[in-house]
1. Nearest 5 is fine: what % of DSSP beta bridges in region 9-128 come out antiparallel, could you say?
2. Please give the net charge around Leu87, taking every other residue with its beta carbon less than 11 angstrom from that of Leu87, where Lys and Arg add +1 and Asp and Glu add -1.
3. List residues of region 18-58, by number, whose backbone nitrogen lies under 18 Å from a label position 7 Å along Cα→C-beta of Arg100.
4. Label His67 and Leu125 with points 7 Å out from Cα along Cα→Cβ: what is the distance between them in nm?
Amino acid sequence: MPKGQPVNRVDLVQRGFVKPTPEAEALRTELEKRDVRVLTEVFDGHKHIDLSIPSAKLNVEVDGIHHLTDPNQLLADLSRGYYSDKLGYHTLHIPNELIRTHLDQIADSLSLASKTLEERIRVHLTKSSK
């Protein structure tokens, strides 16, 4: 990137410079230990998603406090969630602090919930193909 040029997150992610936050990485690791396939920093055409579980059509955003205290960020998150909904994905927002204090419980719950969602999708697809 040329020196002095403005930098945006999309450019950084595409060039491999953006890594998941420590909290998102910790959650990914714990989910993978529970046999959940997780993708990180996925671009859905509108935004980058911290963690995605495609088989369950579930996106997980691991958010800092500004996502709850900055009204502009809150509105942006609501707007961005609309695009995930259009693609058939649920989006779960988890504050960083909860990942730091309840990682195992959150990973257990997300693992079970994602497997339930996968089963619902499988059943729905089986019924629609008949």
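What follows is calculated from the coordinates using simple rules that are stated; it is not laboratory data. Owing to the predicted nature of the structure, the values given are computational and were not obtained by experimental measurement. FYI the Cβ positions are ideal-geometry reconstructions off the backbone, even for glycines, and counts take in every protein chain you see.
1. Taking every DSSP beta bridge with both residues in region 9-128, the antiparallel ones total about 55 percent.
2. 0
3. Output list for this probe position: 20-28.
4. Calculated label separation equals 2.7 nm.
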